[in-house]
């Protein structure tokens, strides 16, 4: 079995980002502004090569735990757009703008 990986995002909730979260916006109707929320953003199920490629989009090595807190400004948006659908990349950009922090999480 190869490595699977994902990018998670953690940051302050606002109505502006509700449509970019993991669950439908109506699930967040009672969520207070500014409360920290977590969402899964990019997920790779198809092996080590794709997982490493996703890590490379952020300039990190997949198994270097020292690098797993990502710098979202360094993201290779072109490659992310090749790997994932436009909505996922749009959500990444909205969450980045909203001050979220991003983490690479390998599995396998």
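Where a number appears in this text, it was derived from the coordinates with a stated rule and is not lab data. Note that this is a predicted model, so its numbers are computed, not measured.
Observations, loosely collected:
- Taking the longest Cα principal axis of the chain as reference, the axis of helix 86-97 is set at about 70 degrees.
- Matching label, Cα extents along the principal axes in Å computed from the structure shown, candidates (1) 87, 21, 15; (2) 48, 26, 23; (3) 40, 26, 26: (3)
- Its DSSP H runs of at least 4 residues, each contributing -39,500 (n - 2.57), put the calculated 222 nm mean residue ellipticity of the chain at -7500 deg cm²/dmol, to the nearest 500.
- Spread over its residues, the convex hull of the C-alpha atoms of the range 7-68 is 97 Å³ per residue.
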